[in-house]
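What follows is one structure encoded as structure tokens, with my remarks underneath.
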Amino acid sequence: MLFLPSPFEQRTFQNQLFYLKRDDLLDKDFSGNKARKFHSFLTHDFPQIKRVVSSGSNQSNAMYSLSVLARLKEWEFIYVCDHITHFLKENPMGNYKAALENGMKIIASANRTEEVQRWLDEKSLEVEEGGRQKEAEEGIKRLAEELLVDVKRHGLSDPYLFLPSGTGTTALFLQKHLPFPVYTCPTVGDSAYLQKQWEMVEPNLERYPTILETKQKYHYGKLYVEFYVLWQRLKDEMGVEFDLVYDPVGWTALLEHLPHLEGTPIYIHQGGILGNSSMEERYKRKKTIIKHL
Ligand SMILES: *Cc1c(COP(=O)(O)O)cnc(C)c1O
């Protein structure tokens, strides 16, 4: 059922041609770049493992994907976050709700590192926040191999990739395994942070992804009217729903730089749609913003 090649589609936005790699359509339950990153955990056997432990935000895409992985593997899933608001507890939604339905045990702790340590033993697998780890390479390499086939099949002679980064893991391993340029933008932290992450994971790479910055600085996970407007336009014109956290930053960066990038753009849709309901809820509660729309 899992991991057929994801669709590769041609679309237009503002009279410009884009190819989309639809990792959002990889599988109903296990999709997006977290599915790629956790692919090796899914396909390899871990006979001694009974539990997976991770930490991060209480609405993260990685958290949801880990809950699916744990369910499929019949592992206990312990997830540590900083805080769960009263509102979220009373109104479970988005990734949080779906992960709970998959059996996640979520623990709020002021000291995440310590709490994670408490749950680790020889039968536990620890997964870094956002799936930032070496094991991610296997699944992302597979995505790179699919892209090589897609590009050939569509006769693209000068393609380049664009995808927004969080940890930067996906962009890094894509560039490692592809002969054409990979462009990305930071969404968490700045360019220097992203570059440093890459050099820590792969100190001797010949070619790193190229960072494209947006003119304006945006804070991770914050609400911006222009993001909601762009997200809606992409949806109306392309008929594709993108993620509301990473993709508005990604498309802003790509559209700003498009005039001087040479070749045919391929945008990687990295999933995250399940998390949109909680973001939309936040936008709606910010009525002053919505009035503009
Ligand atoms: C996690 C995620 C990213 C960031 O991926 P990294 O490999 O951490 O850079 C981007 N988009 C979506 C939709 C994600 O879920």
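The values are calculated or read from the model by the stated rules, or taken from the named source; none is laboratory data. Keep in mind it's a predicted model, so treat the numbers as computed, not measured. Virtual Cβ from ideal backbone geometry, glycine too; neighbours counted across all protein chains shown. Accessible surface areas use protein heavy atoms only, side chains included; no ligands, DNA or RNA. Shrake-Rupley method; radii C 1.70, N 1.55, O 1.52, S 1.80 Å.
Just the protein heavy atoms count here, and of the accessible area of the chain at 1.4 Å, carbon and sulfur take up 50 percent. Inverting the pair-averaged 1/r between distinct Cα atoms of the chain gives 19.7 Å as its Kirkwood hydrodynamic radius. Relative to one another, the C-alpha centroids of the range 81-97 and the range 27-53 are positioned 24 Å apart. The smallest convex shape that holds all Cα atoms of the range 39-126, its convex hull, gives 79 Å³ per residue.
What dipole magnitude, in Debye to the nearest 20, does the range 35-155 give about its Cα centre under +1 on Lys/Arg Cβ and -1 on Asp/Glu Cβ?
260 debye
Summing Lys and Arg as +1 and Asp and Glu as -1 over all other residues whose Cβ lies under 13 Å from the Cβ of Y208 gives a net charge of 0. The listed residues S157, S55, once ranked by accessible area (1.4 Å probe) with the largest placed first, stand as S157, S55. Among 91-104, 19-32, 212-225, the peptide with the highest mean count of other Cβ atoms within 10 Å heads the list, and the full ranking is 19-32, 91-104, 212-225.
Normalised per residue, the accessible area of the range 39-126 is 50 Å², obtained with a 1.4 Å probe and no contribution from ligands, DNA or RNA.
Of the cross-linked pairs K105/K141; K73/K235; K105/K176; K134/K284; K89/K287; K21/K215, which ones have a Cα-Cα span greater than 28 Å in the structure shown? Pairs exceeding 28 Å: K105/K141; K73/K235; K105/K176; K134/K284.
When only Cα pairs below 8 angstrom with a gap of at least 6 residues are kept, the chain shows a relative contact order of 22 percent. Per residue, the average separation of C-alpha pairs within less than 8 Å and at least 6 apart gives the range 39-126 a relative contact order of 39 percent.
Charge tally around P5: other residues with Cβ under 11 Å, Lys/Arg +1 each, Asp/Glu -1 each, net 0.
Protection proxy ranking for 61-67, 134-140, using the average of other Cβ atoms within 10 Å per residue and placing the highest first: 61-67, 134-140. Projecting the Cα atoms of H260, Y183, V116 onto the charge dipole of the chain (Cβ charges, centred on the Cα centre) puts V116 farthest toward the positive pole. For E146, neighbours were defined as the other residues whose beta-carbon sits under 12 Å from its Cβ, and their charges (Lys and Arg +1, Asp and Glu -1) total +4.
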